[in-house]
1. Quick one: Karplus J couplings for segment 74-86, per residue in order, coefficients 6.51, -1.76, 1.60, θ = phi - 60°, nearest Hz, x for Gly and Pro?
2. Give a residue-ordered list of calculated ³J(HN,Hα) values for segment 144-156 (Karplus: 6.51 cos²θ - 1.76 cosθ + 1.60, θ = phi - 60°; whole Hz; x for Gly, Pro).
3. Determine, from the Cβ-Cβ distance of VAL159 and SER82 and an R0 of 30 Å, the FRET efficiency 1/(1 + (r/R0)^6), rounded to the nearest 0.05.
4. Given the whole protein assembly as supplied and a 1.4 Å probe, what does the accessible area of SER61 come to in Å², nearest 10?
5. Let me check something: with ligands and nucleic acids excluded, how do ARG130, ARG50, ARG83, ARG63 order by accessible area (1.4 Å probe), largest to smallest?
Amino acid sequence: MRKLAWATRGISAATGALLLGALMVPSAAASGGPTPEPEHGKKKCGPVARHVASAAPDFGSLRGTVFRLATNRDGHAFLNDSRNQGVWIDLKVVPNAPKCVVDVAASVEESFGVLTLSLLSKSGVIYEARCTTSATAFSPTNLPGTCGVGFQALQATPV
């Protein structure tokens, strides 16, 4: 009889723990429903590898200046102008910037005074913006005005 009483208590404890665990699981997770949105209600574009690119003119008034592009794990792209040390400009300030960037490239044509920013979106479309360079360093406030119409999708991107 003692063995049966001990087994009954063990089963009761296990059943209680199982029920308590079921009550503590959020209803969305328990039902297989959607998971909560990331912090601050922002949707992430998925895990994205971080990428870096740079461009520097070899001659002219911008000689010694380095333009750097980088992505973060949330799919945002940033520009740094070495003349404005420590300032990274989120490229979403430039019109038509893609929302989920997975790779970046930069080139500078000093003779034409143009910095070309190329962003590859997660959907496989390449977007380019051609920004006019000057003696003034790029900042979050002046960058949008130097990039004309902003980012434009390249037609027939092969990826």
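The values are calculated or read from the model by the stated rules, or taken from the named source; none is laboratory data. Given the structure is predicted, the values throughout are model-derived calculations rather than measurements. Here the Cβ is made from the backbone with ideal geometry for all residues, glycine too, and neighbour counts use every protein chain on show. Please note that ligands, DNA and RNA were not included when accessible areas were found on the heavy atoms of the full protein model with its side chains. Shrake-Rupley method; radii C 1.70, N 1.55, O 1.52, S 1.80 Å.
1. Using θ = phi - 60°, the values come out as 8, x, 9, 10, 10, 10, 10, 9, 4, 6, 10, 3, x Hz.
2. Each residue's phi maps through the Karplus curve to give x, x, 7, 9, x, 7, x, 6, 10, 6, 7, 5, 6 Hz.
3. 0.50
4. Ignoring ligands and nucleic acids, SER61 comes out at about 110 Å².
5. ARG63, ARG50, ARG130, ARG83
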